[in-house]
Amino acid sequence: MSEIYDLAILGAGPAGICAAIYAARAKMNTIWLEKKFVQGGQIVDTYEVDNYPGLPGITGLDLGETMAAHAEKMGLKPKREPVLAIEEENKVKVIRTKKNEYRAKTVILACGAAHRQLGIPGEEELSGMGVSYCATCDGAFFQDRTVAVVGGGNVAVEDAILLSRTCKKVYVVHRRDELRAEKILQETLASCENVEMVWNSIPLAIEGTEKVESLKVKDVHTGEVKGISVDGVFIAVGILPNTEKFRNLVKLDESGYIIAGEDGVTDTPGVFAAGDIRTKKLRQVVTAVADGANAVASAQRYLMEN
Ligand code: NAP
């Protein structure tokens, strides 16, 4: 029989990293798994995280690295192993990866969320050929070119601001006439002279042979369809929780988020949720790290009581 850990942490975004720091300080025997090479979760794709206290203007990549280095200093580093499934065997959680099977008394699910897709023609076909979900990663390929950003949230607006610094022109295509992004970001966007808003418009298709040539959009009020000539399309229409593999383990809400409160407690004893993966009002780095700490406290309480 393999070793039974006190705690398994799944995910190395801000929630998972903070959980690892707290678990290390609590001297819990912990196994930590992450599917990607880079730690930091979604912030790695964010150019600048300007609302994390004490670190104004830090890049997402730097913040992820700094947090991960903190956990490593405490003695914990994630194993790069994507989790395939979790099952319960007499209260012990069995975590299966391609190569291994880990056993733990408690689990913190901190696998975050991923980019939502538009699901329109050309999106998949031209992915990597002008279609991107990460302006921080791919923006540099579009220097002095024309691009469109789709979406009206923080990510879309941040992406548009970033791209406006190097691109010739940036269209922001949004399905309503009001942005969802924070006001401070909206003000910065409004000051970017090479940004043009395309309001009340939904993308119908991304067109081009071998590379993006235009974005076909429809005005939701007039029904007018037009093509916008662009070299790139950056899609920033929100996130979807990475919960598909946990469907049979914990209860999810209608949008796929794990139902859990601030303490991370789910309806499955010994299983806790932290960060963007759980039901919550505000998905930010600062709320994710708080979740990581809370989930470890809940796991410790569970271990004491069971
Ligand atoms: P978001 O806030 O959910 O915004 C998604 C945007 O995409 C919305 O404007 C939405 O339009 C639009 N949209 C959704 N589905 C669409 C579709 N099928 N077609 C066209 N447009 C569509 O998502 P996000 O900007 O990716 O941000 C994700 C989360 O991360 C948010 O909670 C955000 O606050 C957080 N975040 C935090 C930071 C930070 O801490 N600094 C930075 C970036 C993001 P509607 O407005 O009409 O719904």
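The values are calculated or read from the model by the stated rules, or taken from the named source; none is laboratory data. Remember, predicted model here, so these are calculated numbers, not experimental data. Note that each Cβ is placed from the backbone with ideal geometry, even for glycine, and that neighbours are counted across all protein chains shown. These accessible areas exclude ligands, DNA and RNA; they are computed on the full protein's heavy atoms, side chains included. Shrake-Rupley method; radii C 1.70, N 1.55, O 1.52, S 1.80 Å.
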Practice item. Please enumerate the residues belonging to the stretch 84-134 that are in a loop (DSSP other than H, G, I, E, B), at pLDDT 95 or above and under 14 Å from residue 33 (Cα atoms). Key: 100, 110, 111, 112
Study note, to complete from the structure: Counting only residues that are surrounded by fewer than 20 Cβ atoms within 10 Å (Cβ to Cβ) and either within 16 Å of the ligand (Cβ to nearest atom) or of a type outside the set (D, E, K, R) (or both), the stretch 48-74 contains a total of 17
Review point. Using beta carbons and a limit of 9 Å, which pairs, at least six apart or on different chains, have the first residue in the stretch 163-174 and surrounded by fewer than 19 Cβ atoms within 10 Å (Cβ to Cβ) and the second one at pLDDT below 95?
Key: 165/139; 166/139; 166/140
Study note, to complete from the structure: When the stretch 22-47 is checked residue by residue, the ones that are under 25 Å from residue 245 (Cβ atoms), open to solvent by 10 Å² or more (accessible area, probe 1.4 Å) and part of a helix (DSSP H, G or I) are 22, 41, 42, 43, 44, 45
Review point. Got at least one residue in the stretch 235-252 being free of Cβ contacts under 8 Å to residues at least 40 places away in the same chain, touching a helix residue (DSSP H, G or I) at 6+ places or on another chain (Cβ under 6 Å), part of a loop (DSSP other than H, G, I, E, B) and surrounded by fewer than 16 Cβ atoms within 10 Å (Cβ to Cβ)?
Key: no
Exercise for review: Go through the residues of the stretch 99-114 one by one and say whether even a single one is within 19 Å of residue 173 (Cβ to Cβ) and open to solvent by 20 Å² or more (accessible area, probe 1.4 Å).
Suggested key: no
**Study point:** Residue in the stretch 140-155 that is among the aliphatic types (A, V, I, L, M), away from the ligand (no atom under 16 Å from the Cβ) and in the same structural domain as residue 36 (by TED's automatic domain parsing) present
**Key:** no
Exercise for review: Could you pull out the residue among 206, 202 that is assigned by TED's automatic domain parsing to the domain that holds residue 142 and crowded, with 17+ Cβ neighbours inside 10 Å?
Suggested key: 206
**Study point:** Residue satisfying condition, being among the charged types (D, E, K, R), at pLDDT 95 or above and under 23 Å from residue 258 (Cα atoms), within set 81, 72, 65
**Key:** 81
Review point. Which residues, counting only those in the stretch 263-291, are within 15 Å of the ligand (Cβ to nearest atom) and in a loop (DSSP other than H, G, I, E, B)?
Key: 279, 280, 281, 282, 283, 284
